[in-house]
Amino acid sequence: MRVSAGISTAGFLLAIIGGAAEWPAGADEHVVVSETISFVESSDGLSPPTMEGGRTEIEMGDVNGDGNPDLVSVGDHGSPDVGTDQHGIMVWFGDGAGSWSVAMAGDFGYGGVALGDVDGDRMMDVGYGIHHNYSPTDFGDQLLEVVLGDGSGVNWTPWDDGLAANGESWGLASTDFADVDGDGDLDVGSIAFGCCAGVHVYLNQGDGTWEQSFGFLGGNSRPHFEFGDVNGDGHVDFAVGHVAGTVYLGDGSGSFVGADGNLPSGGSSGRAGITLGDVNRDGADDLAFCNPGGGIEVWGWAGPGTWRDLSGNLPSTGACEAVQLYDMDVDGHVDVLTFGSGEGVIRAGNANGEWVQIATFSTPPAGTMQAFRAGGDADHNGFPDIVVVAREGTWPSHRNRIRFFRESSVASSLSIAPVYPRGGETLRRGSVVFLDWLGAVPAGGAATVSLELSIEGPDGPWTTIVENVPNSGRFQWRLPPATPPTAQGHIRYTLSENGDVVTAVTPAPFAIAAKPAPHQVRARHADPSHRRVPSPP
């Protein structure tokens, strides 16, 4: 489940630079500047392996537990080893300074990827939807799989019985994890990369087996699948790029119902470049996407069947191919990032539909988008970074290239800022959520983070969630089932490094609610005409 939320903190250094940089001939390092923040390309070690073409997905997360964000993918159309040297799960290990080293495992590829701990051992696991499931072993022979990690980032054990067993064929792509049924473990969802495998959600049974709770086959789609909470009720929802609909609301049991309401038409292949994030600061996720004219649209849930247009002064036409929602300038408001035709643009928001361009970044022409992600802090300077895969060059010699852009300012002091929750959210006790933060550490030094919960307001009393975990920016937490319901939830974040300690508290209260009484869900196919898997009476 990807959470995009604003942050607000003091002590961060903003680079104030004017003008615009040209791409130097033959250079890999491209400095991008703006009025308030600047980015420098940090792609050393991302190639080899070489890529080929076609859509893919990149995720950022600390795979080996060293506190530094890593990059993970299962590659593009050239994986495994189709005119390239890419194959299987590819992990580019970050060194905390913006350089990378790759390890690859498996004989499969081409599709989407998700990161999380599915078996509760606090080691990173991987889920992926693929087209090239050619592996002769259990590791890579299904269109949708989950594998367990051992903390190294190089060894993976299949944990995938029952996945892709409900009529999926041809290929799956974008994949995500979230606790769909609120039982304390991560479930998985995925979408076809085109036609006709449809959309599917599988529930984790806790023993390496999975059962589909929602799914349908057929229809054109784009490779976008993202979990979130659109209506703010604490139950996991999702958004997809599918002709049958974009937004599906969950009831906390694994059932979903379409909720596009008055959203504009998604066209014959579904909406392009979709993403979720809390733009208007109400604690619920809003929806952003590229419209058919290449413009940018943002819509917020206003009630059953009703959406409110939050696009404001965003351009209605242009070159938008993908969108991300994240607070890039750390002013407390979610910003809109877009990429298309080799150009990335960051527009700062104010929660009221007013947007101002604050930064750009670019790849060599023609730069057609193949994957786009924002949010990880590779060098621990307290600012989120960006990774993009674009098809560069012209036919017949064009190929995909992965590039990483890190925010270029240097942390001048130790600081920590909450990213999720930020306030207004509803969390369900007994369920898994991701606690996110940005921890700035001068000179990129090693640091640890401790997390505490208050159910009585920002002054505590505090109950320990976890102590001294690496400063990776994310901790996967299961809310204790006995946690009392509250409207005054807060998290206290403590960052420690070489005897120095700083703290920050969630800036506004969030709610903790009881999980509804459980009921059994029948797993079966659903066709796009009704798109709901009912529970038995």
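The values are calculated or read from the model by the stated rules, or taken from the named source; none is laboratory data. This is a predicted model, so every value here is computed, not measured. Cβ: placed from backbone, ideal geometry, glycine included. Neighbour counts: every protein chain shown. Only protein heavy atoms, including side chains, enter the accessible area calculation; ligands, DNA and RNA are left aside. Shrake-Rupley method; radii C 1.70, N 1.55, O 1.52, S 1.80 Å.
For the reader, a short list of remarks on this structure follows.
- Efficiency of FRET from Cβ geometry, ALA97 and THR463, R₀ 45 Å, rounded to 0.05: 0.80
- Among beta bridges identified by DSSP and lying wholly in the chain, the antiparallel ones come to about 95 percent.
- Two-site label geometry, ARG122 and CYS196: point separation in nm, points 7 Å out along Cα→Cβ: 4.9
- Label-to-label distance, nm, for residues given as VAL501 and SER316 (7 Å Cα→Cβ offset): 5.6
- Contour excess over end-to-end distance, with Cα ends at ASP81 and ALA482 and 0.36 nm allotted per residue: 139.4 nm
- Cut-off under 5 Å, modelled amide H: who pairs with HIS333 long-range: ILE7
- Simple Cβ-charge dipole of the chain, Lys/Arg +1 and Asp/Glu -1, about Cα centre, in debye nearest 20: 1180
- Geometric descriptor of the range 348-416, per residue, is 122 Å³ (volume of the convex hull of the Cα atoms).
- Amide hydrogen proximity for ALA322: with H placed 1.01 Å from N in the peptide plane, the residues at 5 or more positions away or on another chain lying under 5 Å are PHE339.
- Phi angles of the range 225-241 translate, via the Karplus equation with coefficients 6.51, -1.76, 1.60 and θ = phi - 60°, into HN-Hα couplings of 9, 8, 7, x, 10, 7, 9, x, 8, x, 9, 6, 10, 8, 10, 9, x Hz per residue; Gly and Pro are given as x.
- Taking amide H atoms as placed 1.01 Å from N in the peptide plane, the amide H of GLY241 lies under 5 Å from those of ARG222, HIS224, each 5 or more residues away in sequence or on another chain.
- Estimated dipole of the range 32-96 in Debye, rounded to 20 [Cβ of Lys and Arg +1, of Asp and Glu -1, Cα centre]: 140
- Of GLY151, GLY232, ILE386, farthest towards positive along the dipole that unit charges on Lys, Arg, Asp, Glu beta carbons give the chain: GLY232
- The gain in end-to-end length when the VAL154 to THR360 segment is fully stretched comes to 70.7 nm, 0.36 nm per residue minus the alpha carbon separation.
- Of VAL433, VAL505, GLY344, farthest towards positive along the dipole that unit charges on Lys, Arg, Asp, Glu beta carbons give the chain: GLY344
- For the chain, carbon and sulfur atoms together expose 51% of the accessible surface, with a 1.4 angstrom probe and every protein chain in place.
- Across the chain, C-alpha contacts under 8 Å between residues 6 or more apart give a mean separation that, scaled by the residue count, equals a relative contact order of 14 percent.
- Estimated inter-spin distance, ASP282 and ALA351, nm [label 7 Å along Cα→Cβ]: 1.3
- Whole-Å distance, taken between Cα centres, linking the range 335-351 and the range 82-137: 28
- Length gained when the stretch ALA446-ASN262 is fully extended (0.36 nm per residue, less Cα-Cα span): 61.4 nm
- Karplus 3J(HN,Hα) series, Hz, for the range 252-261 with 6.51 cos²θ - 1.76 cosθ + 1.60 (x for Gly, Pro): x, 10, x, 8, 9, 9, x, 9, 5, x
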